[in-house]
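Structure first, commentary second.
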Amino acid sequence: MAEKITVSIIKADVGGLPGHVLVPDEIIEVAKQSLEEAKQSGDIIDYRVLNAGDDLDLIMTHREGVDSTKIHRIAWETFEKATEKAKELKLYGAGQDLLADAFSGNVRGMGPGVAEMEFTERESEPVLAFLMDKTEPGAFNLPIFRMFADPFNTAGLVIDPSMHNGFVFEIWDIYESKRVFMKTPEEIYDILALIGGKSRFVIKRVYPKEGKLPADEPVAVISTEKLYKIAGEYVGKDDPVALVRAQSGLPAVGEVIEAFAFPHLVSGWMRGSHNGPIMPVPFRYSKCTRFDGPPRVIAAGFQLANGKLVGPVDLFDDPAFDYTRQKAMEVAEYMRRHGPFEPHRLPSEDMEYTTLPGVLKKLKERFEDV
Ligand code: 13P
Ligand code: 13P
Ligand code: MG
Ligand code: MG
């Protein structure tokens, strides 16, 4: 089994039922059929179709590597078929995230979000997929940091000799399109100085340091597409996804999940313009209701068996996360009471919608010097 395996999540919002609440079964069916064909023809090894609220998430395994035209085309054509169905059902925002008219070799820059990594499948390979709705890629900064760099979250950093050396974080500046590789634990203060500014600096990948696992094979990857950058204006938020490998020199599954026990504030929610808590929910609650939210995350746990996906296990479908959900609801209520005031509403420069320039223009003549 020397040949490497690739796990790809490619996602897009192709229309919601109703509004921006969720992906209906009819769309999930179309996507499953399309990926089943790809599996039958041998292009992919296995697949699962899930939804994070109104985002359609295609999880595929294959041996084509990352950024494969073949795999990206399968995803794009699946989204096209799903969009056709969404238009027939007149779903809200049908085809919202398909920003290009025709596929041109790679879905990057065309609207969909992508998280994929190629690695040597271990003796036993637990892989977790985290799918979010109503937020942005920076929402993963805090939990990914916690998993791989915070000893108060991940006991293995302290007590497992194979993790004790730490990890390498690949951090992107998504405004300037630049990246930097930084090491933990030695650079954690500098890392936090960057990733605390989560609308600009996002963790893209995590790598192991030299040791038990190949240092050039990622152990975590996050989608970082910014739709407004692509289209030059607001066309839908960049609801992110992530893949995380676990165990044997990496955080245990429970350490990975533990990072979501605190419902931290993320930006997104209503009209992509509000701060609110991210709530970990079971698959059946992967729908955004109150004020189009609050922002949610689901976790799908798999084992790989020569590229076949065993699972998923619905990891947040557990009373162990009730406390987190309760806390999230208290925070949601507290934030909502601020109505149109910051810091519930985002600062003007981060808002996806704004009437401010129009209001200022209207009042131009009435503003007096003071
Ligand atoms: P591994 O060393 O196999 O990752 O096991 C650790 C563990 O499962 C603790 O919960
Ligand atoms: P989505 O980005 O999930 O489509 O939500 C958009 C929105 O405006 C929610 O209020
Ligand atoms: Mg939507
Ligand atoms: Mg969405």
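Any read-out appearing in this document is the output of simple, stated calculations on the displayed coordinates, not a laboratory observation. No experiment lies behind these values; they were computed from the predicted model shown. In this analysis, Cβ positions are derived from the backbone assuming ideal geometry, glycine residues included, and neighbour counts consider all displayed protein chains.
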Protection proxy ranking, peptides 299-308, 252-261, 329-338, average beta carbon neighbours within 10 Å, highest first: 252-261, 299-308, 329-338
For the range 312-329, 3J(HN,Hα) per residue [Karplus equation, 6.51 cos²θ - 1.76 cosθ + 1.60, θ = phi - 60°, Hz, x = Gly/Pro]: x, 9, 7, 6, 8, 7, 7, x, 4, 9, 4, 4, 4, 5, 4, 4, 4, 5
Protection-proxy order for peptides 34-40, 78-84, 112-118, each taking the mean of Cβ atoms within 10 Å per residue, highest first: 112-118, 78-84, 34-40
Most fluctuating residue given options Phe103, Phe148, Phe130, as computed from a GNM of the chain linking Cα atoms under 10 Å: Phe103
Euclidean distance between Cα centres, the range 264-300 to the range 195-209, Å: 21
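Go ahead and estimate [θ] at 222 nm for the chain from helices alone: -39,500 (n - 2.57) per DSSP H run with n ≥ 4, summed, over the residue count, rounded to 500. Don't skip to the answer; put the middle values down first.
Values: 9 runs with 90 residues, N = 370.
So the helix-based figure for the chain works out to -7000 deg cm²/dmol.
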Karplus (6.51, -1.76, 1.60) ³J(HN,Hα), θ = phi - 60°, over the range 111-117, in Hz, Gly and Pro reported as x: x, x, x, 9, 9, 9, 9
Per-bin percent of Cα-Cα distances, the range 73-172 [5 Å]: 2, 9, 14, 16, 17, 13, 9, 8, 7, 4, 1, 0
Rg and Dmax [Cα atoms of the chain; Å; Rg one decimal, Dmax integer]: 20.4, 75
Projected area averaged over orientations for the range 240-331, convex hull of C-alpha atoms, nm²: 6.6
Residue-wise HN-Hα coupling along the range 210-219, computed from phi with Karplus coefficients 6.51, -1.76, 1.60 (Hz; x: Gly, Pro): 3, x, 5, 10, x, 6, 9, 10, x, 10
Largest-first ellipsoid semi-axes for the range 141-276, taking √(5λ) over the Cα gyration tensor eigenvalues, angstrom: 27, 16, 13
